1. What are the ³J(HN,Hα) couplings of the stretch 77-85, residue after residue, when phi is run through the Karplus curve with 6.51, -1.76, 1.60 and θ = phi - 60°? Round to Hz, x for glycine and proline.
2. May I ask for the angle, rounded to the nearest 10°, between helix 34-70 and the longest principal axis of the chain, with both axes built from Cα atoms and the value confined to 0 to 90°?
3. What is the distance, in nm, between label points placed 7 Å from the Cα along the Cα-to-Cβ direction at Ala60 and at Leu82?
4. Which FRET efficiency value, to the nearest 0.05, do you get for Thr73 and Leu16 by plugging their Cβ-Cβ distance into 1/(1 + (r/R0)^6) with R0 = 41 Å?
5. Once you have a ≥ b ≥ c as the square roots of the Cα gyration tensor eigenvalues for the chain, tell me rounded if a/c is under 1.5, and otherwise prolate or oblate according to whether a/b is larger than b/c.
Amino acid sequence: MALAKLDTADQLERALEVYDLLKMVRDHELTSTTESLTKAMESLEKWIEAMEDELDLDEAEEAKAEIREHGTTPWEDVKSRLGLG
């Protein structure tokens, strides 16, 4: 399946798997191209961070939509319900 057809969470999961494999290979010196692996890992880290940022933004948008739809509960009400105030 092409990465473009996967959602961001699935892409992130696969990227993390690849990153872990690259790290294992590099750390165990299973190849003499450590510099190439390090560069690949740096690129992959940037991609992973971008996907994590995208997921964070998606979650923030979902939370804002929920607030628009249902509103919020004042802190004083929460404390009162919990017997804190």
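1. 3J(HN,Hα) across the stretch 77-85, in whole Hz: 5, 4, 4, 5, 4, 8, x, 9, x.
2. Rounded to the nearest ten degrees, it is 20.
3. 2.4 nm
4. Working: r = 36 Å, r/R0 = 0.87.
Result of the calculation: an efficiency of 0.70.
5. Details: a/c = 4.47, a/b = 2.52, b/c = 1.78.
Verdict is prolate for the chain.
We did not get these values from a lab; they are worked out from the coordinates using the rules stated. Given the structure is predicted, the values throughout are model-derived calculations rather than measurements. When we count neighbours, we look across all protein chains shown, and the Cβ atoms used for this are built from the backbone with ideal geometry, even at glycine.
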